[in-house]
Amino acid sequence: MKIIILTNGIKGEIMKKSLLLVVLLICIMFFAFAQGENEASNEAVTLEWWTWDADLKDINAKIISEFEAENPNVTINNTIISTTEYWTKIKIQSQQNKLPDVFCMSSGYLEEWSSLGLLYNLDPLMEGDTSLKNFYQTLLDGGKEIAGGEHYYAIPFALVTTPLFFNKDYFDAAGVEYPNSNWTWDDFTNAAKKLTVDNDGDGKTDQYGFWFYGRYAHIEPWVYANDGNLINRKTMRFEPDAKAIKALEMLVNMVKVDHSAPMPQEMSALRQQDVFPNGIAAMWVDGSWNIDNNRLTADPSMRWGIAMVPKGPDTQEPKVHGWSDFYAIAKNTKNPEMAWKFAKYVAGEGLTMDNYLAGKIPTYIPLTESEAFSDTSKQPDEISVLKDQAASPMRTSFTKGWSEWRGYGAAESLGFNGYVDAVLNGTKTFEEALEESPEVLDKVFVRYYN
């Protein structure tokens, strides 16, 4: 028995020593792993960051300085391209497989670029990321929908909506009630007629009730306010439905029948965004970023405000026309985790209201809810309308090839924009434009969607 006990004791000692050895080996392995992880986390990383607003050069430098201070192993190189050259230059970069790690991405190109395999699929980076609670989920999901509905490819940093701008001085002079949430299209068109004025009696209109032309931000707000569609999303063809056609008819009649809005060719000597602040029209619908232009261009004594675009007659569920600007990450980035960390930073935590033109809405909730955003010391007093729009169901017409079929930028006189202007200027009838446009515009859709 003693021998057995002695033998068991020896075995126990051996087992204890073996266990200690195993623990020691595990500790050594863990330490080595942790050391490797630490070394990896401290490995020097350089990220290329492309943006499109030269006015933010100094602010971007401050963002970089603060991010690099928090991440000493990271260097951020910022390249700023003017908005007129941005897409030309970044497309060249994509063709050469030299896209920057993080770069500005428009809603108008998100589907096209993601389908070409140029953007990093953010799904695995977003999974379990609790910091995303500070961003509007609806806008994150909106980017996913624009990109095709399967994956997230971008994080929004600024939202634009399309409010109704109105001249309070003109409304007061005409004794017309300011636009409100109960306004109908009849209220709007009747107000436009009352606000159309020939001041000197020479038979020429000096002040129009409304101003618009075929521009996307002038037309789509009315289409979506009536819950209409320009595109059949099942067939991906240009096919305005009855609700969209009613919106187009209403607008065309303001020029052709009521004469409460000018023909586009009458305003050709002016930048389109200067018609309203120069007092030529009492109302106007366009992107909310024009709040900044109004403040710079309008006479300081001019009193003006913003309101929601009136709900259409054919729906109880109007949609707001709005879209986000995003940051995307290049698919070929060598540092996806750090690129994601930086993309979130420049879309949210690293920003202040100084990063935003007046009228652009932060997608980072703490900023949108801040006093700085709700500042009413400058016009318009109704700045909260932008938050109301941001919280509303939203829609856009962006697709692959959008700038071609819609008519945008250098191609503005072409596409759907061109057809609308032709009707307003009297070179085509409304019926001719409706009949001809699908055949022409669908050539773009066929190229992109087969």
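The values are calculated or read from the model by the stated rules, or taken from the named source; none is laboratory data. Small disclaimer: the values here were computed from a predicted structure and weren't measured. Note that each Cβ is placed from the backbone with ideal geometry, even for glycine, and that neighbours are counted across all protein chains shown.
A few notes on this one:
- Exclusive hit being exposed (fewer than 13 other Cβ atoms within 10 Å of the Cβ) and farther than 22 Å from Tyr356 by Cβ, set Gly175, Gly148: Gly175
- Qualifying residue in the stretch 190-202 (condition: out of contact with any Asp or Glu (no Cβ under 9 Å at 6 or more places or on another chain) and modelled with pLDDT under 95): yes
- Those residues of the stretch 176-204 which are in contact (Cβ under 8 Å) with a residue 40 or more places away in the chain, over 19 Å from Pro163 (Cα atoms) and touching a strand residue (DSSP E or B) at 6+ places or on another chain (Cβ under 6 Å), in sequence order: Thr196
- For the stretch 311-411, the helices (runs of 4 or more DSSP H) that sit wholly inside it and include 2 or more residues that are surrounded by fewer than 21 Cβ atoms within 10 Å (Cβ to Cβ) are 336-344, 365-368, 384-390.
- Any hit, the stretch 205-212, residues being part of a loop (DSSP other than H, G, I, E, B), in contact with a strand residue (DSSP E or B) (Cβ under 6 Å, 6 or more places away or on another chain) and among the aromatic types (Phe, Trp, Tyr): yes
- Inter-residue pairs, beta-carbon under 9 Å, first basic (Lys, Arg) and in the stretch 370-387, second outside any loop (DSSP other than H, G, I, E, B), 6+ apart: Lys378/Ile291; Lys378/Arg295; Lys387/Ile361; Lys387/Thr368
- Some residue of the stretch 168-185 being part of a loop (DSSP other than H, G, I, E, B), more than 15 Å from Gly305 (Cβ to Cβ) and of a type in the set (Asp, Glu): no
- Within the stretch 283-310, the set of residues being of a type in the set (Val, Ile, Thr) and either surrounded by fewer than 18 Cβ atoms within 10 Å (Cβ to Cβ) or outside any loop (DSSP other than H, G, I, E, B) (or both) comprises Val285, Ile291, Thr297, Ile306.
- Candidate set: the stretch 132-159, residues that are at pLDDT 90 or above and among the β-branched types (Val, Ile, Thr); chosen: the one farthest from Ser370 (Cα to Cα): Ile146
- For the stretch 147-200, a tally of residues being under 19 Å from Ala217 (Cβ atoms) and of a type in the set (Gly, Ala, Ser) returns 2.
- Hits in the stretch 236-281 - residues which are within 25 Å of the chain's Cα centre (by Cα), of a type in the set (A, V, I, L, M) and assigned to a loop (DSSP other than H, G, I, E, B): Met236, Val275
- Taken together, the residues in the stretch 254-272 that are without any contact (Cβ under 8 Å) to a residue 24 or more places away in the chain and either outside the structural domain of Phe212 (by TED's automatic domain parsing) or not hydroxyl-bearing (Ser, Thr, Tyr) (or both) amount to 5.
- Helices (runs of 4 or more DSSP H) fully within the stretch 13-120 that include at least 3 residues being in the same structural domain as Met353 (by TED's automatic domain parsing), modelled with pLDDT of 95 or more and farther than 30 Å from Asn450 by Cα: 57-70.
- Top-ranked residue in the stretch 182-213 [being of a type in the set (Gly, Ala, Ser) and out of contact with any Phe, Trp or Tyr (no Cβ under 7 Å at 6 or more places or on another chain); ranked as farthest from Asn253 (Cα to Cα)]: Gly201
- Qualifying residues in the stretch 121-131 (those that are in a helix (DSSP H, G or I) and without any contact (Cβ under 8 Å) to a residue 60 or more places away in the chain) - the one surrounded by the fewest Cβ atoms within 10 Å (Cβ to Cβ): Thr130
- Count of the stretch 276-289 residues which are in contact with a strand residue (DSSP E or B) (Cβ under 7 Å, 6 or more places away or on another chain) and under 22 Å from Val160 (Cβ atoms): 8
- Boolean, Val257 is β-branched (Val, Ile, Thr), surrounded by fewer than 22 Cβ atoms within 10 Å (Cβ to Cβ) and in contact with a helix residue (DSSP H, G or I) (Cβ under 6 Å, 6 or more places away or on another chain): no
- Breaking point among (1) part of a helix (DSSP H, G or I); (2) without any contact (Cβ under 8 Å) to a residue 24 or more places away in the chain; (3) among the β-branched types (Val, Ile, Thr), for Thr427: (1)
- Any chance Lys387 is among the basic types (Lys, Arg) and over 20 Å from the mean Cα position of the chain (by Cα): no
- From Pro179, Pro156, residue being closer than 30 Å to Lys344 by Cβ and in contact with an Asp or Glu (Cβ under 9 Å, 6 or more places away or on another chain): Pro156
- Every residue from the stretch 192-234 that is over 25 Å from the mean Cα position of the chain (by Cα), buried (at least 24 other Cβ atoms within 10 Å of the Cβ) and small (Gly, Ala, Ser): Gly209
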